[in-house]
1. For CYS77, which of the numbered conditions (1) surrounded by fewer than 17 Cβ atoms within 10 Å (Cβ to Cβ); (2) modelled with pLDDT of 95 or more; (3) over 16 Å from the mean Cα position of the chain (by Cα) fails to hold?
2. Return yes when PHE103 is under 14 Å from the mean Cα position of the chain (by Cα), hydrophobic (A, V, I, L, M, F, W, C) and in a strand (DSSP E or B) and no when it is not.
3. Residues being closer than 16 Å to GLU157 by Cβ, within 17 Å of the chain's Cα centre (by Cα) and not in a strand (DSSP E or B): count how many of those fall in the range 115-129.
4. Test each condition in (1) part of a loop (DSSP other than H, G, I, E, B); (2) farther than 19 Å from THR35 by Cβ for THR90 and report the one that comes out false.
5. Going residue by residue through the range 44-56, is there one that turns out to be over 22 Å from ILE158 (Cβ atoms), β-branched (Val, Ile, Thr) and over 14 Å from the mean Cα position of the chain (by Cα)?
6. I'm trying to understand the selection: among the residues of the range 36-48, which are more than 21 Å from PHE69 (Cβ to Cβ) and surrounded by fewer than 20 Cβ atoms within 10 Å (Cβ to Cβ)?
7. Mind checking which pairs have a first residue in the range 17-39 that is of a type in the set (S, T, N, Q) and a second that is at pLDDT below 95 and surrounded by fewer than 19 Cβ atoms within 10 Å (Cβ to Cβ), Cβ under 7 Å, 6 or more apart or different chains?
8. Among all residue pairs at least 6 apart or on different chains, which show Cβ distances below 8 Å where the first residue, located in the range 132-144, is modelled with pLDDT of 95 or more and the second is surrounded by fewer than 11 Cβ atoms within 10 Å (Cβ to Cβ)?
Amino acid sequence: MITFVWAEDQNRLIGREGDLPWNLPADMAFFKKVTLTGNVAMGRKTLDSIPNPPLKNRVNYVMTRNQSFDQPGVVICHSKEELLEAAEKTDKPLHVIGGVSLFEAFIDEVDMLYRTVIHDTFEGDTFMPEIDYTQFELVEKREGTVDSNNVHAHTFEIYKRKH
């Protein structure tokens, strides 16, 4: 199973200069809960944005065009096919966590979407590719709690591809 896990603002913004444009601990907790059920796939720039990589207790697959790239603790792949072949050796879900090029590469294969919608707008330079939500069924929607640590209203949504 292939999933996408991400947060976006009201304009589909997902990043600013290689980082998240917001601070939302509840989303980080949701991200961790979801991704600990399997392994994660990301591009090199997404790996660079993670403090103290790789993500713990998950196989971290990193797709990069750089043939000489090396990072301890990750499985480096140079194509979508190579990544899928490596990930098939486990029966765990493959959670695609970014960036845009990975989301675009797997958009036709993704089975589940784990989206956090932040009900605000931010400045940034990276946007989630368009997803045809008519291909998916909303199976869960939960409003996040706004508090002193999570100052932006947000909603957690889970979609399953219709078959």
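The values are calculated or read from the model by the stated rules, or taken from the named source; none is laboratory data. This one's a predicted model, so the numbers in the text were calculated from it and none came from an experiment. Methodologically, a virtual Cβ is constructed for each residue, glycine included, from the backbone with ideal geometry; neighbour enumeration extends over all protein chains shown.
1. Failed condition: (1).
2. Details: under 14 Å from the mean Cα position of the chain (by Cα): yes; hydrophobic (A, V, I, L, M, F, W, C): yes; in a strand (DSSP E or B): no.
It is false that PHE103 is under 14 Å from the mean Cα position of the chain (by Cα), hydrophobic (A, V, I, L, M, F, W, C) and in a strand (DSSP E or B).
3. Residues flagged as closer than 16 Å to GLU157 by Cβ, within 17 Å of the chain's Cα centre (by Cα) and not in a strand (DSSP E or B) within the range 115-129 amount to 1.
4. All conditions pass for THR90, except number (2).
5. Pass one, the range 44-56, residues over 22 Å from ILE158 (Cβ atoms): 44-45, 47-54, 56.
With β-branched (Val, Ile, Thr) added as a condition, the list becomes 50.
Adding the requirement that they be over 14 Å from the mean Cα position of the chain (by Cα) leaves none.
No, the range 44-56 contains no residue that is over 22 Å from ILE158 (Cβ atoms), β-branched (Val, Ile, Thr) and over 14 Å from the mean Cα position of the chain (by Cα).
6. If the condition is that a residue be more than 21 Å from PHE69 (Cβ to Cβ) and surrounded by fewer than 20 Cβ atoms within 10 Å (Cβ to Cβ), then LEU36, THR37 are the ones that fit.
7. From residues that are of a type in the set (S, T, N, Q), the pairs are ASN39/THR90.
8. Qualifying pairs under 8 Å: GLN135/LYS162; PHE136/LYS162; GLU137/LYS162.
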